[in-house]
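The values are calculated or read from the model by the stated rules, or taken from the named source; none is laboratory data. Small disclaimer: the values here were computed from a predicted structure and weren't measured. Using ideal geometry, Cβ is built from the backbone for each residue, glycine included, and neighbour counts are taken over all protein chains shown. All accessible areas refer to the heavy atoms of the entire protein, side chains included, with ligands and DNA or RNA removed. Shrake-Rupley method; radii C 1.70, N 1.55, O 1.52, S 1.80 Å.
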Amino acid sequence: MQTLYRRLLTFLPRLGLKVIDLGPGTAVVSRRGGRTRIPLEPGADVVARDNGQYTVAGAGKDTWVVLRDRSARAGERVREWTGVRLGDTGARLLLDRRAPADERRIQLAAAEYLCTQHVAAMLELYGVNCVFDVGANAGQYAGRLRRLGYRGRIVSFEPTADAFARLRDAARDDPDWQVRHCGLGREDTVSTIHTGWNTMNSLLPPSDYGRDRYRRFATTRTEQIEIRRLDTLMDEALDGIADPRPFLKMDTQGYDLEVFAGAGERVADFVGLQSEVAVLRLYEGSPRMGEAIATYEAGGFEITGMYPVTRDAATGRVVEFDCVMMRAKAAPEPAS
């Protein structure tokens with residue numbers, strides 16, 4: 001019976017179907033193309049490509065995801081399968097390495113996977129009970145934290161109207177996920193943000209390098225938004241938490257240092273942070289990586305992880321890193 005089942009899984013992709021094997025006797029079969037959401041049990045992560053974008057979904061223990069090798073030419077037999085084994089300690093990616101361009105994208109997907117796992121481990125190690133999710137977009141970051149088992153409070157900030165509507169819907173059934181319709185910065189004010197750039201909306205205009213790299217920067221709309229200082233909002237956000245141990249995640253497309261400045265002396269309350277730091281500037285006037293990290297280090301934070309977010313295809317250079325930093329003095333005492 002199992003042999004027949006395996007033969008069936010091998011045959012279906014030849015009919016243009018996508019097969020995801022979830023274990024003995026269980027598989028998800030779907031049509032190729034479009035976006036497919038597959039509800040899986042928590043316990044591990046699937047890194048999967050969907051129309052050029054990588055997404056992460058939870059999966060159960062001892063789970064294999066089986067995908068067809070897309071490098072086979074039309075009319076040829078399926079050459080290889082790509083397998084991702086999940087659920088074990090140190091989950092493995094078993095990937096076809098014959099296509100260099102795809103390998104670069106896989107490297108970035110793996111880096112995002114490792115960064116997410118690292119952040120989850122730091123939240124647990126440092127006893128974080130409130131994550132400030134600044135630049136939340138539609139709530140993707142908070143959703144990943146929940147899938148990885150974080151159950152503390154999340155306070156998400158998103159200034160643009162369309163993204164905030166999706167964020168509010170995402171958080172609707174989560175009683176400890178608060179959402180705020182504003183941006184954060186150095187002062188309480190009203191400003192104009194460039195929109196229409198998907199997840200890359202920014203208060204800053206694109207740099208010359210950014211325009212060359214992303215066609216989306218060629219056209220822009222603007223939207224007036226409210227900006228608040230973080231230190232004026234923290235007491236309300238932390239209300240009801242007996243011993244607050246907050247973590248600051250910033251992904252504001254070149255504006256992270258402005259958010260950090262707006263925390264003022266309350267920066268000392270945070271046990272850790274995550275910031276997108278730029279090696280090559282996509283936005284005019286945004287700080288370079290060295291300046292950003294030096295500012296965070298001056299605030300008492302030390303690097304625990306650096307993960308590439310994007311690369312320049314022509315040169316292989318990293319454009320941006322996700323930088324995770326923790327306050328060493330806030331680490332728990334080792335067990336005696």
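Observations on the model:
- Some residue of the stretch 195-206 being surrounded by fewer than 17 Cβ atoms within 10 Å (Cβ to Cβ), in contact with a strand residue (DSSP E or B) (Cβ under 6 Å, 6 or more places away or on another chain) and not aliphatic (A, V, I, L, M): yes
- Of all residues in the stretch 156-167 being of a type outside the set (Gly, Ala, Ser) and open to solvent by 10 Å² or more (accessible area, probe 1.4 Å), the one that is farthest from VAL119 (Cα to Cα): ASP162
- Of the strands (runs of 3 or more DSSP E) that lie entirely inside the stretch 260-336, those containing 2 or more residues that are open to solvent by less than 10 Å² (accessible area, probe 1.4 Å) and within 18 Å of LEU184 (Cα to Cα) span 272-278.
- Checked against the criteria, PHE270 does not count as under 30 Å from ASP176 (Cβ atoms) and without any contact (Cβ under 8 Å) to a residue 40 or more places away in the chain.
- Looking across GLU236, GLU226, one residue alone is of a type in the set (D, E, K, R), assigned to a strand (DSSP E or B), over 15 Å from VAL267 (Cα atoms) and open to solvent by 30 Å² or more (accessible area, probe 1.4 Å). It is GLU226.
- Check on LEU108, farther than 29 Å from CYS182 by Cβ and modelled with pLDDT under 75: no
- Qualifying residues in the stretch 125-155 (those that are charged (D, E, K, R) and out of contact with any Pro (no Cβ under 7 Å at 6 or more places or on another chain)) - the one surrounded by the most Cβ atoms within 10 Å (Cβ to Cβ): ASP133
For every residue, the table says whether it meets (1) in contact with a helix residue (DSSP H, G or I) (Cβ under 6 Å, 6 or more places away or on another chain); (2) farther than 22 Å from TYR141 by Cα.
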| site | (1), (2) |
| --- | --- |
| GLY185 | yes, no |
| GLY196 | no, no |
| PRO206 | yes, yes |
| ASP212 | no, yes |
| ALA218 | no, yes |
| GLU223 | no, yes |
| ARG229 | no, no |
| ALA263 | yes, no |
| ASP269 | no, no |
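- Residues being modelled with pLDDT under 95 and open to solvent by less than 20 Å² (accessible area, probe 1.4 Å) - total across the stretch 245-259: 1
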